[in-house]
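Q: Structure below; questions to follow.
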Amino acid sequence: MSQSRVVMVKTRGAFSTDGMLDAKRVQAMLQRGIGLLGEHGRWQDTLGAYFRSRDIIGLKINTIGGKAISTRPELAESFARLLTAGGFPADNIVIWDRTNRELREAGYSLRMNRAGLKVYGTNSRGVGYGSRLVAHRNVGSLFSAIQERIVTASVSLAILKDHGMAGVTAGMKNYFGAIHNPNKYHDNHCDPFVAEVFETPLIRDKHRLSIIDALRVQYHRGPAYHARWAEPAQTLIFSTDPVAADFTGWRLIEQLRAGAGLPTLEEEARYPDYILTAARMGLGRARSKDIRLIVEEI
């Protein structure tokens, strides 16, 4: 059985002294990470293998944490530019999350224009949630119309954070922002609910890529921002295997916790079981021996 490929691209100096992110450095990280995921090392070829020319590509970001600890606009917009440079029309790219308020508070400018890149929330006028309850295993939810009927291909562009109930929030749990009732699915460390939401055809069949924003990682007391436990790891994680991507992010959080003298998530009774459940369900791999990890610094 072949291994799942996960790429970690690290850098130095991504943040300026005033805390701003260097967009050119982020663009270089994206190009290298996407390239390393493919067989030939060219990011253009890799994107061409993931997306069709007529796809409406949704970049599902996470902005619930406010400006300090959300998917950064420089990252999402840089990836959108990479897609357009790769031949995918800006008209067919949507950066989105739950609400316009959260998007604005995270630093995004809303764009609902007919032409060009779109940036908007599910609560925008004329969008909302679908009227059909999607029932799957133990979950039953209405899905954002963006995920249900607008986009044909999806990227989880998630922020990596410690989570008080789930243990870890990353690429798969990011899709909790695509359903109307995520509060129902936080019992038992969100297990098996994260995996089951991801397994619904509206997500699994459209998901193409996980890019995890580990530029600054909240490794303790998350998911809210606490500067004391927010590490500028200056890292991006890439994989087409959503489970392997989250597993790698989980390992990074554990490393940061150990470096700060904190107990493991298991010792704090916050083990992210849902990641292992997702692997057992066949959604991806969650063992180091089943993952080919490629680490590069630029």
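Where a number appears in this text, it was derived from the coordinates with a stated rule and is not lab data. Note that this is a predicted model, so its numbers are computed, not measured. Don't worry about glycine lacking a Cβ; one is built from the backbone with ideal geometry, like all the others, and counts go over all protein chains shown.
Q: Figure the gain on full extension for Arg42 and Met165 (residue separation times 0.36 nm, minus the Cα-Cα span) and round it to one decimal in nm.
A: On the way: separation 123, 0.36 × 123 = 44.28 nm, distance 3.92 nm.
Length difference between fully extended and current span is 40.4 nm.
Q: Sorted by average packing, counted as other Cβ atoms within 10 angstrom per residue and highest first, what order do 128-140, 41-53 take? Display every interim value, and only then the final one.
A: On the way: 128-140: 13.5, 41-53: 16.1.
Averaged packing, sorted descending, gives the order 41-53, 128-140.
Q: Between Arg251 and Ala227, what's the calculated FRET efficiency when r is the beta-carbon distance and R0 is 30 Å? Round to 0.05.
A: About 0.80, to the nearest 0.05.
Q: What number, in percent, do you get for the relative contact order of the chain if the mean sequence gap of Cα pairs under 8 Å and at least 6 apart is divided by its residue count?
A: This gives 23 percent for the chain.
Q: What distance in nm separates the two pseudo spin-label positions at Thr17 and Val295, each 7 Å out from Cα along the beta-carbon direction?
A: Roughly 3.1 nm, to one decimal.
Q: Let me ask something else about it. With just the Cα atoms defining each centre, how far is the range 35-74 from the range 120-159? Give it in Å.
A: The range 35-74 and the range 120-159 have Cα centres separated by 18 Å.
Q: A further question on this structure: Would you mind computing, in nm to one decimal, how far apart the modelled labels at Leu133 and Glu268 are, each placed 7 Å from Cα along Cα→Cβ?
A: Spacing of the two 7 Å Cα→Cβ label points: 3.6 nm.
Q: Okay, next question. List Arg228, Arg101 from most exposed to least, where exposure is judged by having the fewest other Cβ atoms within 10 Å.
A: So the residues, fewest neighbours to most, are Arg228, Arg101.
Q: Want the number for Arg287 to Thr152: 0.36 nm per residue separation, take away the alpha-carbon distance, what's left?
A: Stretched fully, the Arg287-Thr152 segment lengthens by 45.6 nm.
Q: Going by how many other Cβ atoms sit within 10 Å of their own, how do Arg114, Arg5 line up, fewest first? The partial results should precede the final answer.
A: Values: Arg114 6, Arg5 18.
Fewest to most other Cβ atoms nearby, the residues stand as Arg114, Arg5.
Q: With θ taken as phi - 60° and the coefficients 6.51, -1.76 and 1.60, list the Karplus ³J(HN,Hα) couplings across the range 5-10 in order, rounded to whole Hz; mark glycine and proline as x.
A: Values per residue, Gly and Pro as x: 8, 10, 10, 10, 10, 10 Hz.
Q: Continuing with the same structure: Would you mind telling me the antiparallel percentage of the DSSP bridges in the chain, rounded to 5?
A: The answer is about 45 percent antiparallel.
Q: Based on DSSP H runs of at least 4 residues, each adding -39500 (n - 2.57), what is the mean residue ellipticity at 222 nm of the chain after dividing by all its residues, to the nearest 500 deg cm²/dmol?
A: Calculated from helices alone, the mean residue ellipticity at 222 nm is -7500 deg cm²/dmol.
Q: Going by amide H atoms built from the backbone, whose H comes under 5 Å of the H on Arg98, apart from near neighbours?
A: Amide H to amide H, under 5 Å and 5 or more residues apart or across chains, Arg98 pairs with Thr63, Thr122.
Q: So if each residue of separation counts as 0.36 nm, and I subtract the Cα-Cα distance between Lys24 and Arg125, what length gain in nm does that give?
A: Taking Lys24 through Arg125 to full extension adds about 33.0 nm, to one decimal.
Q: What aspartates and glutamates sit close enough to Lys161 to cross-link, taking a C-alpha to C-alpha distance under 12 Å and skipping anything fewer than 8 places away on the same chain?
A: Cross-link targets: Asp213, Glu231, Asp246, Glu254.
Q: Beta carbons within 10 angstrom, averaged per residue: use that to sort the peptides 282-288, 270-276, highest first.
A: Ranking the peptides 282-288, 270-276 by packing returns 270-276, 282-288.
Q: How would Lys206, Lys67, Lys161, Lys24 line up from fewest to most surrounding beta-carbon atoms within 10 angstrom?
A: Lys24, Lys67, Lys206, Lys161
Q: Cβ neighbours within 10 Å, averaged per peptide: list 236-245, 14-23, 80-89 in order, most packed at the top.
A: Taking the mean over residues of other Cβ atoms within 10 Å, the ranking is 236-245, 80-89, 14-23.
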